[in-house]
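See below for the structure under consideration.
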């Protein structure tokens, strides 16, 4: 598979040329097949597609057997079909006639005008196609895409740990600065167009976060493990009902985090902390130190 960094594409501008050229090709082929050959007459050149943004093949079929077949590949040189593409086929009224994620989407259609849509992560393809009578069309799109697998970890700590959250922002192309993917499942594979991205990870409730820049190449699934330097705190409420909320104050940075009482496990950067909560008109207060790779338990109550 080749590497490419062409940005995500949406090909509205190719619709008319693609459809018109395709129709011209089909009618020229049909005329060539049905009219008798004159050996003395010069043979007219076959019509061709005008720089199609995908590979297209056309076959003649009997009346009533018309349709299309949709597939995709990650790069121009990829030999295998890409999996996980979301397909939609709409008619000229905008009605969805087919929606699915088949590796090869075969859709039986009557002759007419259609809109083909393919989505793979932040890759969005939108093409117009006219299906003439007695024709079956295979369209294979080039996604120019890859994927990213992100695994946030707390260094030195085993599972279970607080839930993590990963966000991916584009830093080039038309999506520059936009959030293009997110996940709350560590290790989930995120589908992405080839390009450069900023990956941000954090753990729920705590003050641990990380940011890194990564390059996604077409046809390649890239995996990154992100180790956060932190300790783990488990909070209990003995002898009293939990407060509606409680605060964690980092005495070194002055940062304050307010959390609902339902959050009892959180990842914290190494440092000294003051925990406070108001319960029944009384302020509960405890101090503790957190070290990297440490699991600490604290009772905030009477």
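Values in this text are rule-based calculations from the coordinates and carry no lab data. All of these numbers come straight from a predicted model, not from anything done at the bench. Note that we place each Cβ from the backbone using ideal geometry, even for glycine, and neighbour counts take in every protein chain shown.
Taking the square root of 5 times each eigenvalue of the Cα gyration tensor, what semi-axes in Å does the equivalent ellipsoid of the stretch 106-199 have, largest first?
Taking √(5λ) for each Cα gyration eigenvalue gives 39, 15, 10 Å.
Provide the gained length on full extension for the span residue 110 to residue 134, in nm with one decimal, where the gain is 0.36 nm per separating residue minus the Cα-Cα distance.
Between residue 110 and residue 134, full extension yields an extra 7.7 nm.
Can you tell me the order of 232-239, 265-272 when each peptide is scored by its average per-residue count of other Cβ atoms within 10 angstrom, highest first?
265-272, 232-239
I need the peptides 186-199, 204-217, 55-68 ranked by packing, meaning the mean over residues of other C-beta atoms within 10 angstrom, with the highest value on top.
Ranked by mean Cβ neighbours within 10 Å, highest first: 186-199, 204-217, 55-68.
What FRET efficiency comes out for the pair residue 252/residue 196, r = Cβ-Cβ distance, R0 = 30 Å, nearest 0.05?
For residue 252 and residue 196, the calculated efficiency is 0.35.
When the Cα centres of the stretch 132-207 and the stretch 241-302 are compared, how far apart do they sit, in Å?
With the stretch 132-207 and the stretch 241-302 each reduced to a Cα centre, they are spaced 32 Å.
Please give, to one decimal in nm, the separation of the simple spin-label points placed at residue 171 and residue 81, each 7 Å out from Cα toward the Cβ.
Roughly 3.6 nm, to one decimal.
Give, in nm to one decimal, the length gained when the segment between residue 124 and residue 211 is fully stretched (0.36 nm per residue of separation minus the Cα-Cα distance).
Extra length from residue 124 to residue 211 when fully extended: 28.7 nm.
Give me the distance in nm between label points sitting 7 Å out from Cα along the Cα-to-Cβ direction at residue 223 and residue 287, one decimal.
4.5
Hey, fewest Cβ within 10 Å first, where do 98, 273 land in order?
Listing 98, 273 from fewest to most nearby Cβ atoms yields 98, 273.
Starting from 0.36 nm per residue, how many nanometres of slack lie between residue 91 and residue 179 once their C-alpha separation is accounted for?
Gain on stretching residue 91 to residue 179: 28.6 nm.
Measure off 7 Å from each Cα along the Cα-to-Cβ vector at residue 244 and residue 149, then give the distance between these two points in nanometres to one decimal.
Inter-label distance under the simple model: 4.5 nm.
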